[in-house]
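Asks: My questions all concern the structure below.
A short reminder: the numbers here are calculations on the coordinates, not readings from a lab. Because the structure is predicted, anything quoted here is derived from the model rather than measured. Ideal geometry is used to build each Cβ from the backbone, glycine not excepted, and the neighbour counts take in all protein chains shown.
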Amino acid sequence: MPVLDRTPMNTHRTTAEWQAADAAHFLHPFTDFRSLAKKGSRIVTRADNIYLWDSEGHKILDAMSGLWCVNVGYGQKSLVDAATRQMQELPFYNAFFQTATVPAIELAELLAEVTPPQFQHVFFSGSGSEGNDTVVRMVRRYWDLLGQPERQVIISRKNAYHGSTMAGASLGGMSGMHAQGGLPIPGIVHIEQPYWWEHGRPSGMTRDEFGLVAARWLEDKILEVGAGKVAAFIGEPVQGAGGVIVPPATYWPEIQRICDQYGILLVSDEVICGFGRTGRWFGCETMGTRPDLMTFAKGVTSGYVPLGGVMVGDRVAKVLIERGGEFTHGYTYSGHPVACAVALANIRLMRELKLVEHVHDDVGPYLAQQYRTLLDHPLVGDAETCGLMGAILLVKDKTRGTPFPDAVDIGMVCRGHCFGNGLIMRAVGDRMIIAPPLVITRAQIDEMVALIRRCLDLTLADATRGGWL
Ligand SMILES: Cc1ncc(COP(=O)(O)O)c(C=O)c1O
C-alpha cells in the first residue's frame with residue numbers, strides 16, 4: 001500500500017468502529033448490503049486536489065473525481081467561502097411563492113452565458129435524477145401545450161444511465177435496474193447503444209460506418225412507434241456509467257438529423273459530460289448537436305453541494321412561457337441559495353483557471369496520448385478517451401479481441417488491485433474507466449497511468465495463475 005501521508009482526520013473512533021456503525025445503520029446506494037457489512041466499508045476521511053485519504057491514512061489517487069463530479073478538485077477555498085457566506089446570510093428560501101434569491105438569479109444568468117446560445121432559461125433541481133424527472137414532465141407538457149398530447153414516448157438507449165428515481169431509472173437502460181420495481185414506467189422505450197465492440201466490430205464495420213447504422217436505429221424506432229407519438233430522444237454525449245462508451249464521430253450528427261427530420265426534441269444528458277469533462281463546456285458542443293433540453297448536475301458545483309437542473313432551449317421555453325399557465329412541477333430545493341452560491345463560485349473558478357481550455361488543449365490530448373501507450377499491454381484490447389474520460393477494455397485475447405468468459409469477472413479483479421495500490425478506477429464489466437478531476441496535471445497523469453499499468457500487470461499475473469488466458 002502507498003505510504004502513510006499524514007495523520008488521518010476524524011479518527012476518534014477506530015476504522016473497525018466506524019465500519020461497525022456503518023454496517024449497523026447506513027444503507028449505501030447500489031450496494032449488496034449484506035456482503036458490504038461482512039467486508040466493511042473503506043472510510044474516506046479527507047481529500048485535497050486529486051487525492052483522498054482513508055481512515056488508515058492511505059493516500060489514494062481519485063481517478064473518478066468522486067463520482068464524476070469534483071471537476072475543480074478537492075480543497076478549493078473559494079467554494080467553501082461561498083457556502084459559508086451564503087449560509088450566514090440566507091441559508092434557505094424557496095422559489096415557489098413568487099420569490100427568488102440572489103444566488104439563484106445570478107446562477108441562472110451565468111448558466112445562460114456558459115451554455116450554448118439556444119439556452120436562456122433553467123429549471124433547477126437537487127440532482128441529475130430529479131433533472132431527468134423534470135425532463136419527462138417538461139417534454140410531455142410541451143407537446144400537450146402544442147395540442148399534440150399523443151406525443152408521449154421518449155426514446156432512450158440500452159445501457160444508458162439517467163439516474164435512479166422512477167423516471168430516471170426508466171429513461172436509463174440498465175436491465176438490472178429495470179428488474180426491480182416494475183420499470184420502466186409507460187411511454188419510455190430503448191434502442192441499442194452505439195457500442196462498436198458489441199455491435200459493429202463483430203460484423204466487420206468500421207467505427208464510422210457503425211456510427212451511422214447505430215443512429216438509424218433511432219429512425220427505425222420512431223417509425224415503429226409512429227412518428228406522431230414520439231416526444232423526445234435522450235442520450236448522454238458519451239455514456240458514462242455504462243462504461244465510457246465514446247460513440248463514433250458519425251453518430252451524433254446523424255441523430256441530430258433524424259430528430260430534426262421528425263421534429264422530435266433532443267435531450268442531452270450532460271450530468272457527466274457537462275462543465276468541461278469532454279474538453280468543451282458541454283458534451284453536445286464536442287459532439288456537434290443542438291439539444292432542446294440539457295440535464296446537468298455534478299460538475300455544476302464540482303459536487304461540493306448537491307445541485308442539478310435542466311437547461312431549457314428557446315423552442316421549449318417559448319411554449320411553456322407563452323402558452324403555459326401553471327407548470328405544476330418543482331422541488332423544495334429548486335434554486336437552493338447555498339447550492340447556487342457554490343455553483344457560481346465553481347463556474348467562476350473554472351473560468352479563472354481556464355479549466356475547459358486546460359482539458360481541451362493540454363491534459364485531454366496528453367491523456368489520449370498516454371492511454372494509447374497502454375495498448376501494448378497484453379490485457380488491453382482498446383484504450384480510448386474523450387477529454388478527461390477514459391476507458392480500457394480488458395480482453396482475453398487481444399489479437400482476436402476475445403472477451404473473458406462471464407465466469408471471470410476480470411474488471412473486479414483489476415479494481416481490487418487498484419484499491420490495493422492507491423488508485424480509484426471503476427470497473428464496468430470488462431471496461432476499466434476513469435474521469436479524473438479537470439485540475440489534473442501532466443505529471444499527475446503520468447503517475448495515474450503508471451499506477452494503471454501496475455494494476456494491469458497484477459491482473460495479468462492473476463489471469464496467468466488462474467489459467468484464464
Ligand atoms: C448521465 C447521468 N444522468 C443522471 C445521473 C443521475 O444523477 P444523480 O445521481 O445526481 O441523481 C447520473 C449519475 O451518475 C448520470 O451519470
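Asks: Residue farthest toward the positive end of the dipole of the chain, with Cβ of Lys/Arg at +1 and Asp/Glu at -1: which of Gln152, Ile321, Ala391?
Replies: Ala391
Asks: Under 28 Å between alpha carbons: how many lysine pairs meet that in the chain, if sequence neighbours fewer than 8 apart on the same chain are excluded?
Replies: 16
Asks: Report, to two decimal places, the Cα Rg of segment 78-171 normalised by 2.2 N^0.38 Å (N = number of residues).
Replies: In units of the globular-protein estimate, segment 78-171 measures up at 1.36.
Asks: Around Leu212, what is the net charge, scoring Lys/Arg as +1 and Asp/Glu as -1 over all other residues with Cβ under 13 Å from its Cβ?
Replies: Values: positive: Arg207, Arg216, Arg257; negative: Asp208, Glu209, Glu219, Asp220, Glu254.
Combined, the nearby Lys, Arg, Asp and Glu give -2.
Asks: Given an 8 Å cut-off on Cα distances and at least 6 residues of separation, report the relative contact order of the chain as a percent. Show your work: numbers first, answer last.
Replies: Values: 920 pairs, mean separation 90.0, N = 469.
Here the relative contact order equals 19 percent.
Asks: Dipole of the chain, Cα-centred, from +1 at each Lys and Arg C-beta and -1 at each Asp and Glu C-beta, to the nearest 20 debye?
Replies: 500
Asks: May I ask you to evaluate 6.51 cos²θ - 1.76 cosθ + 1.60, the Karplus curve with θ = phi - 60°, for each residue of segment 356-362 and list the ³J(HN,Hα) values in order in whole Hz, giving x for glycine and proline?
Replies: 5, 5, 4, 6, 5, 9, 10
Asks: While we're on this one: Translational diffusion coefficient, Stokes-Einstein: compute it for the chain using the Kirkwood radius over C-alpha pairs as Rh, at 4 °C and 1.567 mPa s, and state it as an integer in µm² s⁻¹.
Replies: Working: Rh = 23.2 Å.
Answer, rounded: 56 µm²/s.
Asks: Okay, moving on. What's the percent breakdown of Cα-Cα distances in segment 246-332 across 10 Å bins, shortest bin first?
Replies: So the P(r) values, bin by bin, are 16, 41, 32, 11, 0.
Asks: In the neighborhood of Gly283, defined by Cβ-to-Cβ distances under 11 Å, what is the net charge if each Lys or Arg adds +1 and each Asp or Glu adds -1?
Replies: Summing Lys and Arg as +1 and Asp and Glu as -1 gives -2.
Asks: Please name which of Tyr74, Ala104, Asn94 has its Cα lying farthest along the dipole of segment 57-139 towards the positive end, using unit charges on Cβ (Lys, Arg +1; Asp, Glu -1) and the Cα centre as origin.
Replies: Tyr74
Asks: Which residues' amide hydrogens lie under 5 Å from the amide hydrogen of Leu423, considering only partners 5 or more residues apart or on another chain, with H built in the peptide plane?
Replies: Leu61
Asks: Taking the Cα centre as origin and putting +1 on Lys and Arg beta-carbons and -1 on Asp and Glu beta-carbons, what dipole magnitude results for segment 77-352, to the nearest 20 debye? Display every interim value, and only then the final one.
Replies: Values: 23 positive and 27 negative charges, 35 e Å.
My answer is approximately 160 debye.
Asks: Ignoring everything except DSSP H segments at least 4 long, calculate the 222 nm mean residue ellipticity for the chain; use -39,500 (n - 2.57) per segment, divide by total residues, nearest 500.
Replies: Taking each H run of at least 4 residues, the total per residue is -12000 deg cm²/dmol.
Asks: If only Cα atoms are counted, what is the Rg of segment 77-352, and what is its Dmax, in Å?
Replies: Cα-based Rg and Dmax for segment 77-352 come out at 18.6, 62 Å.
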